[in-house]
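These notes are about the structure you will find just below.
The values are calculated or read from the model by the stated rules, or taken from the named source; none is laboratory data. Owing to the predicted nature of the structure, the values given are computational and were not obtained by experimental measurement. Cβ placement follows ideal geometry from the backbone for every residue including glycine, while neighbour counts extend to all protein chains displayed.
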Amino acid sequence: MKQPINWAIVPTAIAATLAMITMAAADTVKTPLVSTVTVSGNSGQVQSECGYNSGAPAQVVVVDQPTPLRFTLQGDGQPTLWIKGPVNRCVMTPGSAIDVPGVWAQGSYSIFVGNQNQGNYTYTLSISPE
């Protein structure tokens, strides 16, 4: 006898699967960094709290202890940089470059690169030790 499908849980299962795929798609780096990490891509079409991005982090950074890092973003259009983690930060610029230095608290940070305008804008993100 076939078991009936509980359609109420299907959306939740799909959302959970997509979240796991999204996190698996982003590379993860851990501190201390021995050299600069560089990522290139396109900003995307998904509206967020910090512009339009691809819906997936461009990079995940795991900080083991308070660490000085510099996030540098160069992009077409008007780029946005959204750093989500123990410290949440959204940086927007009317220009094409963003520079965010600082000492970052222990934890995991998802780095989203976006744009203030919807569309595919190219970018290069660098994360370097200070």
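Of all residue pairs spaced 6 or more apart or on separate chains, those with beta-carbon atoms under 6 Å, a first member in the stretch 78-92 that is under 17 Å from Q47 (Cβ atoms) and among the basic types (K, R) and a second member that is surrounded by 15 or more Cβ atoms within 10 Å (Cβ to Cβ) and modelled with pLDDT of 95 or more are K84/S110. Checking the stretch 56-77 against the condition returns a match, with at least one residue being within 12 Å of the chain's Cα centre (by Cα), in contact (Cβ under 8 Å) with a residue 60 or more places away in the chain and in a strand (DSSP E or B).
Being surrounded by 16 or more Cβ atoms within 10 Å (Cβ to Cβ) and either modelled with pLDDT under 95 or of a type outside the set (D, E) (or both) is true of S110. Tallying residues that are within 16 Å of A58 (Cα to Cα) and either among the charged types (D, E, K, R) or in contact with a Pro (Cβ under 7 Å, 6 or more places away or on another chain) (or both) within the stretch 100-112 yields 3. If you check I83, I21 for being modelled with pLDDT of 95 or more and under 15 Å from the mean Cα position of the chain (by Cα), only one passes: I83.
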